Every structure is written in C-alpha cells, then in structure tokens.
Amino acid sequence: MKIAESELILNADGSIYHLHLHPEQVSPLIITVGDPDRVAKVSRYFDRIEHKVRKREFVTHTGWLGKTRLTVISTGIGTDNIDIVMNELDALFNIDLDTRTARQKSVQMTIIRLGTSGGIQPETTVDSFVLSRAAFGFDGLLRYYDAPGQCNNEWLEALGSQTRHTPLPCLPYFAESDKGLVNAFKETFMPGLTATNTGFYAPQGRFLRAEGQVKNLVNILQNFDYQGERIFNLEMETAGIYGLSQLLGHRAISLSAILANRADGTFSKNPHKTERILIETALEKISTGI
C-alpha cells in the first residue's frame with residue numbers, strides 16, 4: 001500500500017523530513033546521543049567521515065571505524081524526538097521513498113544509545129556506567145502504538161502491585177533491550193532496569209518552585225524489586241528506543257554514564273571526562289564486533 005504524502009513527508013530533495021537524510025547516508029549500525037554537540041565527540045574517533053548532515057537538533061555523521069561503517073546521530077531530549085528518529089531511520093532502510101511502499105525484505109538496525117543519566121541506588125555512584133537491560137516508560141509513547149507485549153506484562157503487574165498505595169500519574173509500559181547486545185556489553189557496564197520519564201523536573205521527582213503530585217517518586221522507584229532486579233537510573237529516552245525497536249524488529253541497547261546520584265545528592269566533578277570514557281569504552285567494543 002502506498003503511504004500518503006501527509007504521512008511519509010519528504011523534503012524537496014527527496015530526503016526524509018526531520019532528519020534530512022537519504023538512505024545512502026546512514027549505516028544500519030547507529031549510535032544515538034542526546035546532545036548535538038556529542039556527535040562530533042564520537043565521530044572524532046572515526047578513521048574517516050563520509051557524510052555530515054544537520055537539521056534542527058538532528059546532527060548526523062556517518063563514517064568508518066576501522067572496517068566498520070557506522071552512524072552517530074543526535075536525537076535531542078525526550079521520547080517525542082525518539083519517535084521521530086526511530087521511525088524516520090527505519091523508513092530510510094525499510095521503505096522505498098520513491099514508490100512510498102514498504103520493502104519486501106527488511107533491514108535490521110542496531111541502535112546503541114550513549115547517554116547521561118541520574119542514578120538512584122547507592123551503588124550507581126557518580127561516574128559509574130549503567131547498561132539498561134530493560135526500561136519502564138513513564139512517558140506514554142508506546143501507549144499510542146499497538147504494543148500489547150510492552151503494555152501488558154508481568155513487570156507492569158509487579159510495578160502496579162508495589163506502587164498501589166501511591167498511584168502513578170501515568171500508565172507506564174515496559175520494553176526490553178536486545179539480549180545479544182546485553183551480553184556484549186555486560187562485562188563493562190552494570191546491568192539494571194531504567195525508568196524513562198517525560199521530563200527532567202517533576203517527572204523525575206525534582207521540584208524547584210512548582211509543586212508536584214508524587215513527591216516520593218524517587219523513593220518509590222528505589223524500592224522496586226522484582227525477580228532480583230531493581231531500577232538503577234532515571235533518564236528520558238531509553239524506553240522509547242527499546243519499545244519501538246521491538247515493534248520494528250531492530251536491536252537496541254542503552255549505555256549511560258551516571259552524572260548525578262539521587263540517593264546521596266551528588267553530581268560529577270568532571271562530567272566531560274566521564275562522557276569521554278563512555279564513548280571510548282563503547283567504541284572499543286564496537287570495533288571488535290557486536
């Protein structure tokens with residue numbers, strides 16, 4: 001079925017609408033970062049760069065790391081942007097933009113998120129590194145899709161059971177990372193669960209002048225425990241990446257540098273160094289094959 005112009009929007013040069021990319025400008029091995037300035041911090045390790053494209057907050061560099069071709073792209077903050085990035089990247093590989101029809105043979109992307117985050121457990125100390133084995137989405141994104149596996153499962157039942165005395169302000173979903181990628185990175189990064197929130201302040205239990213409805217949100221998430229797994233960190237993109245990857249048939253992993261620890265109220269004294277170590281550690285693993 002041909003996709004209407006109003007649904008699959010292309011620019012005058014035929015590139016995908018928001019990302020401004022053509023299919024040949026992207027590798028199916030993709031690193032996502034939130035901050036547009038972090039793209040160059042990743043691509044400076046490339047042996048050569050083929051393409052540099054920028055539109056709005058979406059900056060893309062595609063090049064080579066040894067014999068591995070890969071792309072690094074900035075998403076900006078939040079799962080609203082993740083919705084755009086994931087769908088448009090998938091379209092570049094799996095929709096013929098000329099005929100506006102889905103390709104018969106699909107291409108699987110590998111998505112590796114390199115982000116910063118706030119830890120909520122005592123062991124998620126400042127300047128440590130967390131691997132998100134799975135994520136609770138408190139942002140609502142997957143509730144707009146036909147996603148029964150992510151919107152109705154035992155993890156959500158466990159969360160509901162443990163938080164029934166403090167109703168949450170939204171209906172969460174739960175999405176998992178790719179098991180093969182978890183195995184590839186788990187020796188270097190601490191595996192745990194992640195909570196993805198729709199904002200930075202009240203949605204993550206921070207209050208400056210505006211009052212919030214759930215003042216003990218961090219404590220609630222700290223105390224969650226199911227099958228021996230706990231929530232290690234709070235951030236704003238991972239659950240959306242995981243949920244859409246599962247729906248679209250892609251592999252995804254989220255790796256986070258912990259810059260703040262909500263349990264003891266501390267913040268990294270050298271966040272740029274921690275960010276650099278995150279990038280170098282991930283690229284070293286990618287270069288050996290994942």
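What follows is calculated from the coordinates using simple rules that are stated; it is not laboratory data. Bear in mind that the values here come from a model prediction, so they are computed numbers and not experimental data. Reconstructed Cβ throughout: ideal geometry from the backbone, glycine too, with neighbour counts over all protein chains shown.
So which GluC sites (Glu not before Pro) in the stretch 84-184 are both in a DSSP loop and have at most 16 other Cβ atoms within 10 Å of their Cβ?
123
Would you mind classifying the stretch 1-107 by shape? Square roots of the alpha carbon gyration tensor eigenvalues, ordered a ≥ b ≥ c; an a/c under 1.5 is rounded, otherwise it is prolate if a/b is larger than b/c and oblate if not. It is prolate, given that a/c is not under 1.5 and a/b is the larger ratio.
For the stretch 241-290, the alpha-carbon coordinates run over 38, 26, 13 Å along the three principal axes, in decreasing order.
Between 0 and 90 degrees, the angle of helix 79-94 with respect to the longest Cα principal axis of the chain falls at about 30 degrees. Derived scalar couplings between HN and Hα for the stretch 116-121 equal 10, 7, x, x, 10, 9 Hz in order, rounded to whole Hz, by the Karplus curve 6.51 cos²θ - 1.76 cosθ + 1.60 (θ = phi - 60°), x for Gly and Pro.
With both labels modelled 7 Å from their Cα along Cα-to-Cβ, the residue 3 to residue 183 distance reads 3.2 nm. Taking every alpha-carbon pair under 8 Å whose residues sit at least 6 apart, the chain reaches a relative contact order of 23 percent. List the lysines whose alpha-carbon lies under 19 Å from that of residue 285, not counting same-chain residues fewer than 8 positions away? Straight-distance partners of residue 285: 41, 67, 179, 186, 273. Sites listed here are trypsin sites (Lys or Arg not before Pro) in the stretch 1-106 whose DSSP assignment is loop and whose Cβ has at most 13 other Cβ atoms within 10 Å: 2, 44, 56, 67, 103, 105. Diffusion coefficient of the chain by Stokes-Einstein, Kirkwood radius over Cα pairs, 20 °C, 1.002 mPa s: 110 µm²/s.
Which FRET efficiency value, to the nearest 0.05, is calculated for residue 287 and residue 22 with the Förster distance at 25 angstrom and r the Cβ-Cβ distance? After rounding to 0.05, the efficiency reads 0.45. Only bridges whose two residues both fall in the chain count here: according to DSSP, what percent of them are antiparallel, nearest 5? If I count the DSSP bridges inside the chain, around 50 percent turn out antiparallel. Just to confirm the filter: which GluC sites (Glu not before Pro) across the stretch 193-290 are DSSP coil and have at most 15 other Cβ within 10 angstrom of their Cβ? Those that pass, being in a loop and sparsely packed, are 211.
Length available on full extension from residue 98 to residue 225: 0.36 nm per residue minus the Cα-Cα distance, which gives 40.8 nm.
Once the Cα atoms of helix 238-248 and of the chain are each reduced to a long axis, what angle between those two axes, in degrees from 0 to 90 to the nearest 10, is obtained? Computed tilt is about 50 degrees.
Over the stretch 72-145, what per residue volume does the convex hull of the Cα atoms give, in whole Å³?
Hull volume over Cα atoms, normalised by residue count, gives 137 Å³.
Spacing of the modelled spin labels on residue 273 and residue 153, each 7 Å from Cα toward Cβ, amounts to 3.8 nm. Is the shape of the stretch 171-290 best called rounded, prolate or oblate, per the rule: a/c under 1.5 gives rounded, else a/b larger than b/c gives prolate, else oblate, with a ≥ b ≥ c the square roots of the Cα gyration tensor eigenvalues? Because a/c hits 1.5 or more and a/b fails to exceed b/c, the stretch 171-290 counts as oblate. Could you state the angle between the C-alpha long axis of helix 271-287 and the longest principal axis of the C-alpha atoms of the chain, as a value from 0 to 90 degrees rounded to the nearest 10? Compared with the principal axis, the helix lies near 50 degrees.
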